[in-house]
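Colleague: A single structure is presented below for examination.
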Amino acid sequence: MNRGRLVFAQLMHHLPLTTFRRCVIRYRGEFKVKSFSRLDQFLCMAFAQLTYRESLRDIEVCLRAQSSKLYHLGIRSAVARNTLANANAVRDWRIYADFAQSLIGIARRLYLQEPFGVDLQETVYALDATTIDLCLSVFPWAHFRSTKAAVKMHTLLDLRGNIPSFIHISNGKLHDVHALDMLLPEPGAIYVMDRAYVDFARLHVLHEAGAFFVTRAKSNLDAHRVYSAPADRSAGVICDQTIAMDGYLTQRHYPAHLRRIRFKDPETGKTLIFLTNQVTLPALTICALYKSRWQVELFFKWIKQHLRIKQFYGVSENAVKTQIWIAVSVYVLVAIIRKRLRLEASLYTLLQVFSVTVFEKMPIQAAILATPDRFDDAEGSNQLELFTF
């Protein structure tokens, strides 16, 4: 079926183009557009992500060198640096944000049964944010500190498949805890987060919605013990307590009881104190859930290492958000293809193979099978992998 089709065309064949057109119509994306459509822009930027292009000039030169194949890539217009720069600067980034969310929905259904290290039926999310540093003189709209600029990428990661289910891009000044205000709590789901998200009014909103959270206690926690459950000290659980808040405002913000677990890591000897409203799971499971939060840190490091979101092709806010959302779309699209084609290779391997075979006429499976088994070993121990189940 894929004989004679370029690898890039096979990849883009998995895009839900009907959904893409609906997103374009929703924001009047083709208003006064005579050439270089929204789809052309998306495909050029996706090509840049897959092949690690350094700049708009780099994109233009590479695509013009293969001008006879552009039609087969799905690009219907000539590619010019100024045209692409203008499209990134003025065309609404929300089109690509909505489209990325639709791809996320597809990927989450495909990875619904994936294990993540803790044997639970409930959906488990890890919430965190990462800062992408920018130059203040070039990106003045992203003012962060007196001498630097930055944007923040707030992410809610579904740990079954490491698929981001929620992403919000803000300037660097927005505190992490405000991401809780943007979430629609899912009853029965478990949200794992670090101490930056300890705001008892917001945590009580999650509790009232029927959701659960696991976080770490701050050192100034003002609370008293109500009840102590038996603790397995041999496994590192020092205590498993039910507590009530003592502070005047804290009592009002979180009137219900909480569970406090003190755990000493047998490997590092470090003592950690966890807070949760989940009272039925074993204490060691709560500790394992918080440990799984590290997957969101790996996700941030991975996409910074392997996708183009640290160096930008444009300097406007619209161009930066467009590039980030298309990078997320490419990440999720490759994850979808990996599951649909039942590819055993890691996501790192897939991206490396696609980067050098986009203009080849061969089935994707053949390109992956032709890759030596030792390819994964060549990454080195410092490379991060998310899809190595």
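The values are calculated or read from the model by the stated rules, or taken from the named source; none is laboratory data. Quick caveat: nothing in here was measured; it's all calculated off a predicted structure. For neighbour counting, all protein chains shown are included, and Cβ atoms are generated from backbone atoms with ideal geometry for every residue, glycine included. Surface accessibility is based on the protein's heavy atoms, side chains included, excluding ligands, DNA and RNA. Shrake-Rupley method; radii C 1.70, N 1.55, O 1.52, S 1.80 Å.
Colleague: Give just the number: which of (1) in contact with a helix residue (DSSP H, G or I) (Cβ under 9 Å, 6 or more places away or on another chain); (2) open to solvent by 10 Å² or more (accessible area, probe 1.4 Å); (3) among the small types (Gly, Ala, Ser) does residue 188 not satisfy?
Modeller: Going through the list (1) in contact with a helix residue (DSSP H, G or I) (Cβ under 9 Å, 6 or more places away or on another chain); (2) open to solvent by 10 Å² or more (accessible area, probe 1.4 Å); (3) among the small types (Gly, Ala, Ser), residue 188 breaks only (1).
Colleague: Filter the range 285-324 for residues that are touching a Lys or Arg at 6+ places or on another chain (Cβ under 9 Å), open to solvent by 10 Å² or more (accessible area, probe 1.4 Å) and part of a helix (DSSP H, G or I) and give the result. Full working, then the answer.
Modeller: Keep residues of the range 285-324 that are touching a Lys or Arg at 6+ places or on another chain (Cβ under 9 Å), which gives 286, 290, 304, 308, 310, 313, 318, 321-323.
Still in the running and open to solvent by 10 Å² or more (accessible area, probe 1.4 Å): 290, 304, 308, 310, 313, 318, 321.
The answer is 290, 304, 318, 321.
Colleague: Would the range 84-93 turn up any residue that is within 18 Å of the chain's Cα centre (by Cα) and of a type outside the set (Gly, Ala, Ser)?
Modeller: Yes, there is a match, as at least one residue in the range 84-93 is within 18 Å of the chain's Cα centre (by Cα) and of a type outside the set (Gly, Ala, Ser).
Colleague: If residue 77 passes every condition in (1) modelled with pLDDT of 90 or more; (2) open to solvent by less than 80 Å² (accessible area, probe 1.4 Å); (3) farther than 22 Å from residue 300 by Cβ but one, which one does it miss?
Modeller: Result: residue 77 passes all but (1).
Colleague: From 226, 205, 138, which residue is in contact (Cβ under 8 Å) with a residue 12 or more places away in the chain, in a helix (DSSP H, G or I), of a type in the set (Val, Ile, Thr) and open to solvent by 20 Å² or more (accessible area, probe 1.4 Å)?
Modeller: When all the criteria are applied, what remains is 205.
Colleague: Is there any pair with a first residue in the range 4-18 that is open to solvent by 30 Å² or more (accessible area, probe 1.4 Å) and a second that is of a type in the set (Lys, Arg) whose Cβ atoms are under 9 Å apart and which are 6 or more apart or on different chains, and what are they?
Modeller: If the second residue must be of a type in the set (Lys, Arg), the pairs left are 4/361; 5/361; 13/5; 14/340.
Colleague: Residue check, residue 354 against (1) without any contact (Cβ under 8 Å) to a residue 40 or more places away in the chain; (2) buried (at least 20 other Cβ atoms within 10 Å of the Cβ); (3) more than 19 Å from residue 130 (Cβ to Cβ), all met but one. Which one?
Modeller: With (1) without any contact (Cβ under 8 Å) to a residue 40 or more places away in the chain; (2) buried (at least 20 other Cβ atoms within 10 Å of the Cβ); (3) more than 19 Å from residue 130 (Cβ to Cβ) applied to residue 354, the lone miss is (1).
Colleague: Of all the residues that make up the range 104-125, how many are open to solvent by 60 Å² or more (accessible area, probe 1.4 Å), among the aliphatic types (A, V, I, L, M) and within 15 Å of residue 288 (Cβ to Cβ)?
Modeller: Number of matching residues: 0.
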